[in-house]
């Protein structure tokens, strides 16, 4: 498998907001990850301004570096959206108004009972000879064009629209291009230990040039180990990746909570659903974030019934029966209050499990005895209540997210002990 | 002031992790924002792999587009860190070992009581004739070089090290370059209408080449209008931006909710705090997200006391007194249930205001009469209850976020009517 046969892609991110510091380009990383997963490596990402000449030049640059160019952004209806025009110029053709696309845009507004603003008709224009990509979630169709054997795509910059179009239309068109290059990627998600601890537990598997290659990334306490195996055939690559996964799992034990893009909330929800158990939560410093993470999961109403954001002391007492004396004696951020919140939530909601969090998210409110970042977590079920004390660092957002994730992880480990679970 | 006098910058982000989808390039947005704040606009960002030839070519490309190139990444001690070598090749000089830099790296390890790994000595090498930038937070010195009148910087990819070096060494060196170019930037945040409606309301201010220039971006329903005024003096630029802001505000009225990076939750919280009012929320489909957005704001405990995530019908009835008959007759997703939730929340929590949300976030649970995305929102205070019906689109995440943001916006408009507010 020589390098000269490996097809490559380049990404073009279009938009002034990417150059002003206002917007972090998350689309590029998403696209790069997805292209790589089908065996199409990305060689460069270029972010450029909403200027016709600049976009046209960058298309030339990207097409010079790669076989496939995926551009995002600049397909909106306003005067500063110039990707369509730049594609036409690069392809050296006119923009033509496609009545069928106009009809679809019209229908999009009709469904919302809103009159279509005239300026949206520009979105029905695509370069002559190019194909339109349907946008099921918005008004801007995408574009698929070819020049000198290079394949060029323009997708909307709105992440949800871009992702849907990429998954349903772009990746299926690219798949046949890359057959013959066998690559298997497997991701293991871990929670409960730091990066260096995990690195020590798994030995030297991360050294360069190894096959399978193991990469380690950390994001908000979740550690992702990515296994990339390359081989002559897909079966062989798959087998190598699976062998590596088994070896990592045996080294890391219960630190591994899931695979691919699974979240802790998804894994916990899945176990609750399978075992027919239910859950309620009571939160103070996380202010709704724990319930939000749980209900991010479609179908979570099967096991999640009830959440309280008891932000004031009065709410803790009135809603969940935390004794005034307990708060007065130990403070709202204390082990006895965490315990009483979880017990009160389970009793009031009538669920099998309850989780509670009370802490100091900051930036204000910390003392020497109880610093910003101090968090108590409790989990309650018919076997009793288990509490733990944590000190999380960084800023308000990180403390809140780490607290909510840690609560989910504590529940996950508790479910492992009590419920019969098959993975 | 002609365009030909405006100095420009380009950013080069170096690292395989940026092309694999593993890492989102947050450094580029940070650098772009800081350069722009001193009046040095960024014309492009290029992310490339850790390959010597590729980095060298990209340096040429970036230097061709801009007067200043800021590169990050690839200064580590391992074999895949090749930025130093690529800079030397681009400058057509050798890498030379600087004993003073080696001494500092050695000291860095000494302070930690750790032996310096041999491989770290590569970090003491910089291209002949280039200057070193001190790294107070890590081992890799930065590089400052010149070629053909273009200024080139190499900074570490570790965000904390990069930021510190940028602030303390790079920006002070660039400041004199850009004096004479005065730039004033002002952002208006809008909510409650689509991009094209807003574009029609403000006329042709977004046309290219205009000064002040107005850019429009949309993110999760929030529309940001950015006004960029350029002039010979800072005072003049500031006045132009302010005049433009007044004109946009008068065209858009109450669609403008804030400025700069303000969120709806921040603006609503600010008004509640100033007027001494309190708030409770009851959520169904948003599952804690509304409370989470409100409590994202430090100090929100001053006005936010209580939140319920009444995810099941039983929770709606038991916690907030929504009559079983109302749910049976109209369904959980209905105007009467939204109304009863808001009234129940205000009564139970004893707050001045209550917001409620009930809807179908999807992907399941929709019917012909009640499609996915249907959401009822209610706001209640002593003047009465106001309800509204909405249909949001895209996916579960978007429906939930749009619903929560819309609820905050409804409360904002209600607060404008009832509370004495000075901006």
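The values are calculated or read from the model by the stated rules, or taken from the named source; none is laboratory data. Small disclaimer: the values here were computed from a predicted structure and weren't measured. Cβ coordinates were reconstructed from backbone atoms using ideal geometry, including for glycine residues, and neighbour counts include every protein chain displayed.
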Matching entry among B:397, B:365 (being out of contact with any helix residue (DSSP H, G or I) (no Cβ under 7 Å at 6 or more places or on another chain), assigned to a loop (DSSP other than H, G, I, E, B), within 25 Å of residue A:280 (Cα to Cα) and at pLDDT below 95): B:365
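Conditions (1) crowded, with 19+ Cβ neighbours inside 10 Å; (2) in the same structural domain as residue A:170 (by TED's automatic domain parsing); (3) touching a helix residue (DSSP H, G or I) at 6+ places or on another chain (Cβ under 6 Å), marked per residue:
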{"position": "A:22", "(1), (2), (3)": "yes, yes, no"}
{"position": "A:37", "(1), (2), (3)": "no, yes, no"}
{"position": "A:41", "(1), (2), (3)": "yes, yes, no"}
{"position": "A:49", "(1), (2), (3)": "yes, yes, yes"}
Does the range A:126-140 contain any residue that is part of a loop (DSSP other than H, G, I, E, B), farther than 19 Å from residue A:13 by Cβ and in contact with a strand residue (DSSP E or B) (Cβ under 6 Å, 6 or more places away or on another chain)? yes
Only one of A:115, A:145, A:154, A:160 is in the same structural domain as residue A:31 (by TED's automatic domain parsing), in a loop (DSSP other than H, G, I, E, B), more than 30 Å from residue A:235 (Cβ to Cβ) and touching a helix residue (DSSP H, G or I) at 6+ places or on another chain (Cβ under 7 Å). Can you tell me which? A:115
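Scan the range B:275-294 and give yes if some residue there is surrounded by fewer than 18 Cβ atoms within 10 Å (Cβ to Cβ) and at the interface with chain A (Cβ under 10 Å from one of its Cβ atoms), otherwise no. Break it down into steps so the answer makes sense when it comes.
First, the residues of the range B:275-294 that are surrounded by fewer than 18 Cβ atoms within 10 Å (Cβ to Cβ): B:275-277.
Next, from what is left, pick out any that are at the interface with chain A (Cβ under 10 Å from one of its Cβ atoms): none.
No; the residues of the range B:275-294 include none that is surrounded by fewer than 18 Cβ atoms within 10 Å (Cβ to Cβ) and at the interface with chain A (Cβ under 10 Å from one of its Cβ atoms).
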Is there a residue being buried (at least 24 other Cβ atoms within 10 Å of the Cβ), under 28 Å from the mean Cα position of the chain (by Cα) and in contact (Cβ under 8 Å) with a residue 40 or more places away in the chain anywhere in the range A:336-345? no
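Run down A:387, A:358 and say which single residue is over 30 Å from residue B:160 (Cβ atoms), within 13 Å of chain B (Cβ to nearest Cβ), touching a residue at least 12 places away in the same chain (Cβ under 8 Å) and in a strand (DSSP E or B). Give the derivation first.
Details: A:387 fails: within 13 Å of chain B (Cβ to nearest Cβ).
On inspection, the qualifying residue turns out to be A:358.
Within the group A:107, A:85, which residue is part of a helix (DSSP H, G or I), surrounded by fewer than 23 Cβ atoms within 10 Å (Cβ to Cβ), in contact with a strand residue (DSSP E or B) (Cβ under 7 Å, 6 or more places away or on another chain) and free of Cβ contacts under 8 Å to residues at least 40 places away in the same chain? Walk me through how you get there before you give the answer.
On the way: A:107 fails: in contact with a strand residue (DSSP E or B) (Cβ under 7 Å, 6 or more places away or on another chain).
That would be A:85, the only listed residue that is part of a helix (DSSP H, G or I), surrounded by fewer than 23 Cβ atoms within 10 Å (Cβ to Cβ), in contact with a strand residue (DSSP E or B) (Cβ under 7 Å, 6 or more places away or on another chain) and free of Cβ contacts under 8 Å to residues at least 40 places away in the same chain.
Would you call residue B:319 at the interface with another protein chain (Cβ under 9 Å from one of its Cβ atoms), outside any loop (DSSP other than H, G, I, E, B) and surrounded by fewer than 24 Cβ atoms within 10 Å (Cβ to Cβ)? Spell out how you get there, then give the answer.
Working: at the interface with another protein chain (Cβ under 9 Å from one of its Cβ atoms): yes; outside any loop (DSSP other than H, G, I, E, B): yes; surrounded by fewer than 24 Cβ atoms within 10 Å (Cβ to Cβ): yes.
Spelling it out, residue B:319 is indeed at the interface with another protein chain (Cβ under 9 Å from one of its Cβ atoms), outside any loop (DSSP other than H, G, I, E, B) and surrounded by fewer than 24 Cβ atoms within 10 Å (Cβ to Cβ).
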Can you run down the residue pairs with Cβ atoms below 8 Å, 6 or more apart or on separate chains, where the first is in the range B:31-42 and part of a loop (DSSP other than H, G, I, E, B) and the partner is buried (at least 24 other Cβ atoms within 10 Å of the Cβ)? B:40/B:9; B:41/A:19; B:41/B:9; B:41/B:35
Among B:178, B:185, B:205, which is the only one that is out of contact with any strand residue (DSSP E or B) (no Cβ under 6 Å at 6 or more places or on another chain) and modelled with pLDDT under 90? B:178
For the range A:43-52, which positions are outside any loop (DSSP other than H, G, I, E, B) and either at the interface with chain B (Cβ under 7 Å from one of its Cβ atoms) or free of Cβ contacts under 8 Å to residues at least 24 places away in the same chain (or both)? A:43, A:44, A:45, A:46, A:47, A:48
Could you look through the range A:58-81, keep only residues that are without any contact (Cβ under 8 Å) to a residue 60 or more places away in the chain and in contact with a strand residue (DSSP E or B) (Cβ under 8 Å, 6 or more places away or on another chain), and pick out the one that is farthest from residue A:46 (Cα to Cα)? A:78
Subset of the range A:140-173 [within 13 Å of chain B (Cβ to nearest Cβ) and crowded, with 20+ Cβ neighbours inside 10 Å]: A:140, A:156, A:157, A:158, A:161, A:162, A:164, A:165, A:166
Identify, by number, the condition in (1) within 29 Å of residue A:397 (Cα to Cα); (2) touching a strand residue (DSSP E or B) at 6+ places or on another chain (Cβ under 9 Å); (3) touching a residue at least 24 places away in the same chain (Cβ under 8 Å) that residue A:238 doesn't meet. (1)
Can you pull out the strands (runs of 3 or more DSSP E) entirely within the range B:180-243 that have at least 1 residues that are more than 11 Å from chain A (Cβ to nearest Cβ), surrounded by 19 or more Cβ atoms within 10 Å (Cβ to Cβ) and over 22 Å from the mean Cα position of the chain (by Cα)? B:182-190, B:222-231
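Test residue B:137 against the criterion of being in the same structural domain as residue B:62 (by TED's automatic domain parsing), at pLDDT 95 or above and surrounded by fewer than 21 Cβ atoms within 10 Å (Cβ to Cβ), and give yes or no.
On the way: in the same structural domain as residue B:62 (by TED's automatic domain parsing): yes; at pLDDT 95 or above: no; surrounded by fewer than 21 Cβ atoms within 10 Å (Cβ to Cβ): yes.
Considered against the rule, which asks whether it is in the same structural domain as residue B:62 (by TED's automatic domain parsing), at pLDDT 95 or above and surrounded by fewer than 21 Cβ atoms within 10 Å (Cβ to Cβ), residue B:137 comes out as no.
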